[in-house]
Structures are given as structure tokens and as C-alpha cells.
Amino acid sequence: MPKDSSIQHIEELPHSQKKIHEHWMEKALLLADQAEQLGEVPIGAVVVYQDAIIGEGYNLRETQHCALAHAEMIAIDEANKYLHAWRLDGATLYVTLEPCPMCAGAIINSRIQTVVYGAKDPKAGSAGTLMNLLMDERLNHQSQIIEGVYAETCGEKLTQFFRKLRKERKNKKVIHKTVDNLEN
């Protein structure tokens, strides 16, 4: 998909705005670390409203056995409860990985004003990589998008996680083959 000119890259912003976005993304990265400690894919998200975090989340799909337990969904749910409202007008969502279609739908439905993400998602990215649901004018709400905040850090965290997971799975296969050979 060609780059959407209405998506802002972090490097295009003034230094003061860049620092604000980096500050909140650092909070999301800490949440991603919590997910990783549980063996979850390390993705974290925070919803910021009036310079305060009103919702936070990290991936819990494996822990909760729930396909809906994405970092963004959990953070949006917390923010809704905090404000006692389903609308999050004026809020900004910071997430370490570009939102998927499900999360983009929740972002649109909750009327989040701005989405700031770290790494692009080449498999499910719905904020400009595969599609751009967040700025689709056919829908009743569009969100501003800022991409690339700590993109390398966010992407490397995911790369290392999956590299480690593949290695562990490979080692388990070797152990099972060895046990099978010993039994025969």
C-alpha cells in the first residue's frame, strides 16, 4: 500500500511534540515488557486524556484464552470505564504495534482522536500498512495517525520475542524426538 500522505511520521513533528509522544510510548513499552514476562506477545498500549493515562493494557490473549485481549482493547475498555463513557473524544492511544483490524474498529467506535504507534505490522496493520481503516472517509469517524515513535525499539522487542519462541519450540521438538528414540 502506498504511504498515505495524511499519516504523520514522528520525525516530521516539532521537537516538543516528539518528546511528548516519546514519553507516552515509553509507558506503552513498559506494559509490553509486562506482557512478555507472562509469555505474551510484547505489545503495550495506553490511552491518554488531558495529559494523564486513563487506560492501559498489554496483550493477554494466551493468559485469558481470549482473541479479544489485545493491548489496545484492554486499554480502551479501561479508559471507557474511567470516563464512564464509550466515547473517548480528545483521547490519544499509544501502542507499540500498529493496530489490527479489530483494534482499529474499536478505535473508530470509541472516537479516539489520535493513534500513535511504534512498529508497523506487515501482517495485519490497519493504520496504513495493509489498509487504513482509521482514516477511511466512508466510516463515521477518522483518527489522526502518527507513526514511528520508537519504531526500532518496538520492532526489535517483537523480533526478539518471536526468535526466542521459535528457538524454544525447536528445542522442544528435539527433546521429544530424543525421548521417542530412547523409548524405541
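Taking every alpha-carbon pair in region 1-120 and binning the separations at 5 Å intervals from zero gives 2, 12, 22, 24, 20, 13, 5, 1, 0 percent.
Ordering Q113, C66, T129 by the projection of their Cα atoms onto the charge dipole of the chain, which places +1 on the Cβ of Lys and Arg and -1 on the Cβ of Asp and Glu, puts C66 at the extreme positive end.
Only helices enter this figure: runs of n ≥ 4 DSSP H residues, each worth -39500 (n - 2.57), summed and divided by the residues of the chain, yield -15000 deg cm²/dmol at 222 nm to the nearest 500. Length gained on full extension, W86 to R163, computed as 0.36 nm times the residue gap minus the Cα-Cα distance: 23.9 nm. Average accessible surface for region 32-184: 55 Å² per residue, computed with a 1.4 Å probe over protein heavy atoms with every protein chain in place. A simple spin-label model places the labels of E11 and N140 3.9 nm from each other, with each point 7 Å out along Cα-to-Cβ. These residues, Y150, Y58, Y117, go from largest to smallest accessible area, 1.4 Å probe, as Y150, Y58, Y117. Take every Cα pair under 8 Å in region 1-139 that's 6+ residues apart, average their separations, divide by the length, and report that relative contact order as a whole percent. Dividing the mean separation by the residue count of region 1-139 yields 19 percent.
Take 18-29, 89-100, 160-171 and order them by the average number of nearby Cβ atoms within 10 Å per residue, most first; the result is 89-100, 18-29, 160-171.
The values are calculated or read from the model by the stated rules, or taken from the named source; none is laboratory data. Note that this is a predicted model, so its numbers are computed, not measured. Quick reminder, even Gly has a Cβ in these numbers, built from the backbone with ideal geometry, and neighbours come from all protein chains shown. For the accessible areas, the whole protein counts, side chains as well, though only heavy atoms, and no ligand, DNA or RNA atoms are used. Shrake-Rupley method; radii C 1.70, N 1.55, O 1.52, S 1.80 Å.
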